[in-house]
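The values are calculated or read from the model by the stated rules, or taken from the named source; none is laboratory data. Computed from a predicted model, the values in this text were never measured in an experiment. Keep in mind that these areas ignore ligands, DNA and RNA; they rest on the heavy atoms of the full protein, side chains included. Shrake-Rupley method; radii C 1.70, N 1.55, O 1.52, S 1.80 Å.
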Amino acid sequence: NPMVSKWVPDKEKPAFVSFAYVGGTFGSIITNPICGLIIPSLGWEAVFYITAGVTIVWFLLWILLVHDMPEDHPNISDEEKKYILENRTFIDTKQKEDDVPLLQLLFDMLRCPPMLALMMCEFANSWGLYVLVTEGPTFFWEVLGFDIYKVGLVSSLPYLGRFVGAQICGFYSGQLTKREILAPLTMQKINVCTEFLFPAAGMVLLSYMTGNAALCVAILSISFGFNGAIYAGHTTNGLTIAPNRSGTVMGLTNGFGSVAGIFVPLVKEKIVGSPTACVDLIHRWRIMFAIPAAIYGVVAILFVIFASGEVQEFDRKEYKKKYCFLY
């Protein structure tokens, strides 16, 4: 997030964020089916060694190629640098972030309704993705009857839909805001409703279509394609309300969203458990999918009500130098 604020012109953020942030989704598209091939032939341990090796290569490329500010990049053209500096919302303040008292900043952020709306968006999105990522393969295996290779392949299809959806939503969001057909906040609210309401409907629908495995996979893949609007939705809104402290915003929202990862496996174990009857198993999975669908709907309404398109006070505020790590 901080690098996007520093490098990307404001009107290009929806398209850029939708392309760059979807890298994790693209990784899941590739990794899931590959893991399905690796495990039977090389064992589950090899999955960790191979993915770790790829991560190391990425890290080395990042160190060599990436610079924090466009002003410091040795290979950027003067024309490109001028364009970025004139069109970004980031302001290089005199106060160093190391001098900002953490507790005061956190208190100000938690009193900000648009910030709370973003935190709830990330919690809702994480809940749905944890159900899909952590528990989805179990559903494909237990209910739909796929073997381990097919589970890996099928698990990647919703991410493929999400990847394609992100590019489409990022493109049309950027075009509509560039041409001033829609205000950025209006576009972000539309995208948030898209990212939550369509997947919510998809999860409920697929839980009633378990008699047709191919149809279930199609419903899930298409509905989560709409979830790709997340990047031009509440993710971009985080850059809008806090261009200078977007890293802190992302840290707080992602951290709050990760809390869902604690509860989803516990909820799944409590609701689904290990029933012996097939009908009972399907009924329990319907409840499991209904929970994120309900959370999605509530949070979409909260964002529409409380989201803001203005830079918030905690982003502009200059704090007194802290006395210790926290205050």
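D by Stokes-Einstein for region 198-301, Kirkwood Rh over Cα pairs, 25 °C, 0.890 mPa s: 156 µm²/s. Computed from Cα atoms, the angle from the helix 260-271 axis to the main principal axis of the chain rounds to 20 degrees. Based on the Kirkwood radius over alpha-carbon pairs, what is the Stokes-Einstein translational diffusion coefficient of the chain at 4 °C with 1.567 mPa s viscosity, in µm²/s? The calculation lands on 61 µm²/s.
Mean-square fluctuations from a GNM of the chain, with a 10 angstrom spring cutoff on Cα atoms, peak among Phe263, Phe196, Phe314 at Phe263.
Temperature 25 °C, viscosity 0.890 mPa s: under these conditions the Stokes-Einstein estimate for region 1-98, based on its Kirkwood radius over C-alpha pairs, is 149 µm² per second. Rounded to the nearest 10 degrees, the angle from helix 184-206 to the longest Cα principal axis of the chain is 10 degrees.
Within the accessible surface of the chain, defined with a 1.4 Å probe on protein heavy atoms only, the carbon and sulfur portion equals 68 percent. Please compare each pair in Lys13/Lys82; Lys81/Lys317; Lys81/Lys189; Lys82/Lys317; Lys189/Lys320; Lys82/Lys189 to a cut-off of 25 Å on the Cα-Cα distance and tell me which ones are over it. Over 25 Å apart, Cα to Cα: Lys81/Lys317; Lys81/Lys189; Lys82/Lys317; Lys189/Lys320; Lys82/Lys189. Computed over the alpha-carbon atoms, region 51-131 gives an Rg to Rh ratio of 1.09, Rh here being the Kirkwood radius from the mean inverse distance. On a per residue basis, the chain carries 52 Å² of accessible surface, using protein heavy atoms and a 1.4 Å probe.
Rolling a 1.4 Å probe over the protein heavy atoms leaves Thr248 with an accessible area of roughly 50 Å². With only Cα atoms counted, region 242-327 has Rg and Dmax values of 20.1, 63 Å. In the chain, helices alone account for a calculated mean residue ellipticity at 222 nm of -23000 deg cm²/dmol, with every DSSP H run of four or more residues adding -39,500 (n - 2.57). Coupling constants for region 311-319 follow from the phi torsions by the Karplus curve (6.51 cos²θ - 1.76 cosθ + 1.60, θ = phi - 60°), and in residue order they are 5, 7, 4, 5, 7, 8, 5, 9, 8 Hz; glycine and proline get x. Across q = 0.13 Å⁻¹, region 113-262 modelled as identical point scatterers on its alpha-carbon atoms has Debye log10 I(q)/I(0) values of -0.62, in the order of the q list.
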